[in-house]
1. Taking 0.36 nm per residue of sequence separation and subtracting the Cα-Cα distance, how much length would be gained by fully extending the chain between Lys219 and Glu335, in nm to one decimal?
2. Loop-only check: which GluC sites (Glu not before Pro) in the stretch 3-73 are DSSP coil with at most 15 other Cβ within 10 angstrom?
3. Does the stretch 237-305 classify as rounded, prolate or oblate by the C-alpha gyration tensor (a ≥ b ≥ c root eigenvalues; a/c under 1.5 gives rounded; else a/b over b/c gives prolate, otherwise oblate)?
4. Report, in degrees rounded to the nearest 10, the 0 to 90 angle that the Cα long axis of helix 111-123 makes with the longest principal axis of the chain.
5. Determine the dipole magnitude for the stretch 258-350: charges of +1 sit on the beta-carbon of Lys and Arg, -1 on that of Asp and Glu, nothing else is charged, the reference point is the Cα centre, and the result goes in debye to the nearest 20.
6. Apply the a/c threshold of 1.5 to the C-alpha gyration tensor of the stretch 1-105 and tell me whether it is rounded, prolate or oblate.
7. Could you give the dipole magnitude of the stretch 89-206 about its Cα centre, charging the beta-carbon of Lys and Arg +1 and that of Asp and Glu -1, in debye to the nearest 20?
8. Mind putting a number on the dipole of the chain about its Cα centre? Charges go on the C-beta only, +1 for Lys and Arg and -1 for Asp and Glu, and I need it in Debye to the nearest 20.
Amino acid sequence: MNQTLSVKLKETAREYEIEIGHDSLKTIGVWARRCLSKSTKKVVLISNAKVFRLYGEAVKKSFEDAGFEVLVWLMKDGERHKNFRSLETALKFFSEKKLTRTDSVVALGGGVVGDLAGFAAAIYLRGIAFLQIPTTLLSMIDSSVGGKTAVNSAFGKNLIGAFHQPKGVLIDVETLKTLPRRELTAGFCEAVKQSALSGADLFNQTARFLENYSPKFFKKHFSDEKFLSELKNLVAANIAFKAEIVAGDEQENVSRTDAKSRKILNFGHTVGHALEKVTGYKRFKHGEAVGYGILAAGEIANNIGIFGKNELKSLNDVIGLVGKLPSTDNIEIKEIIEAFEFDKKSIDKTLQWILLREIGKPEIVNNEKISTEILQKSLNKVLKSR
Ligand SMILES: NC(=O)c1ccc[n+]([C@@H]2O[C@H](COP(=O)([O-])OP(=O)(O)OC[C@H]3O[C@@H](n4cnc5c(N)ncnc54)[C@H](O)[C@@H]3O)[C@@H](O)[C@H]2O)c1
Ligand SMILES: [Zn+2]
């Protein structure tokens, strides 16, 4: 059974649907027809060669069957291609194919494809419709929900972008069958992040799911109906959580510091971003670095006395279930602390940490409240003693 969630955005009074199913790509055109305007004729399907080879033809055919003219534009695979150059090439393609304001972009792939396609749709003719078909766990539960689109540039990662909400998101969890193990682990780190922010229900659901279905042996479960149903439930619960936060703080109001502000979604990201930066964005997948970031945030919160030992253990145990994280050998803690300065969440030069008081009770803490000794001690525990 498919599940449908609705995202209702208070600020812009927009609403769109997220549909979560399995084996649903072949009927995706019918769904797209419901989301898009009746006058939409052309869609540009944006993907990369790897994902298109796996799922592209099925999606293309389904859109064609639903009466759309489908034009395919493939970008190169990898974070480093989420840049101005790819963006310009995409826009050139739209222009050459004479896309009009009633046409649409469809993103088929992970967060890289989704962010680039979404940004291209946001700025072409000052904004045309787009649909998301996320195919990585991270993009299903995180990047496809919330309307943030961006490219990387010389100014930093994701700093040039726009808020542009999709007209709909269709998730076929079956696409995760082909996702490489490390990408799954990275996605589960973000799932643990969301579940720890959300509360005991989602946190325990995530823990139980990971105990039953280790990312290491994920593929073999796809013939099991119970697994598929639990996977869909987990993805849906993650999306519901993120959608609720986004709905209340669509554009991430910088002055908000409450437990429902969009900022809290950066839990685990201060250390995560620093780890990515000091290793030249090569050693860790983003989600893997966030995995360490969650552990570090847990230690810091415990060391400043706001997060209890038992809760810290539960958090560490769940991260222990996501799969192997890359080694942290030869990473200098001093360098990580220096890298915090560059974190884009620094507001007016004050770094804000997202910590937990309890599972489900995030708290934004100013960096001044955390001594360098506590940072060193916490990072040492997480990075040097594993
Ligand atoms: N917009 C947001 O709110 C937001 C939130 C979080 C992350 N992001 C962005 O998302 C990006 C990361 O996304 P990601 O983790 O999905 O990485 P990704 O898009 O690079 O995908 C990871 C790899 O998996 C491959 N792949 C995708 N689907 C597959 C499938 N079903 N089977 C086999 N291989 C598949 C891709 O080709 C790629 O090689 C980053 O650029 C990050 O900045 C955006
Ligand atoms: Zn992240």
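Only the coordinates and a few stated rules stand behind these numbers; no lab work does. Everything numeric here is computed off the predicted structure, so don't read it as measured data. FYI the Cβ positions are ideal-geometry reconstructions off the backbone, even for glycines, and counts take in every protein chain you see.
1. Contour length minus the Cα-Cα distance gives 37.9 nm.
2. Numbers: sites: Glu11, Glu15, Glu17, Glu19, Glu57, Glu64, Glu69; in loops: Glu11.
Here the GluC sites (Glu not before Pro) that fit, given the DSSP loop and packing criteria, are Glu11.
3. On the way: a/c = 2.00, a/b = 1.49, b/c = 1.34.
Prolate.
4. Approximately 60 degrees, to the nearest ten.
5. Computed charge dipole of the stretch 258-350: roughly 300 debye.
6. Cα axes put the stretch 1-105 in the rounded bin.
7. Roughly 400 debye for the stretch 89-206.
8. Dipole of the chain, to the nearest 20 debye: 720 debye.
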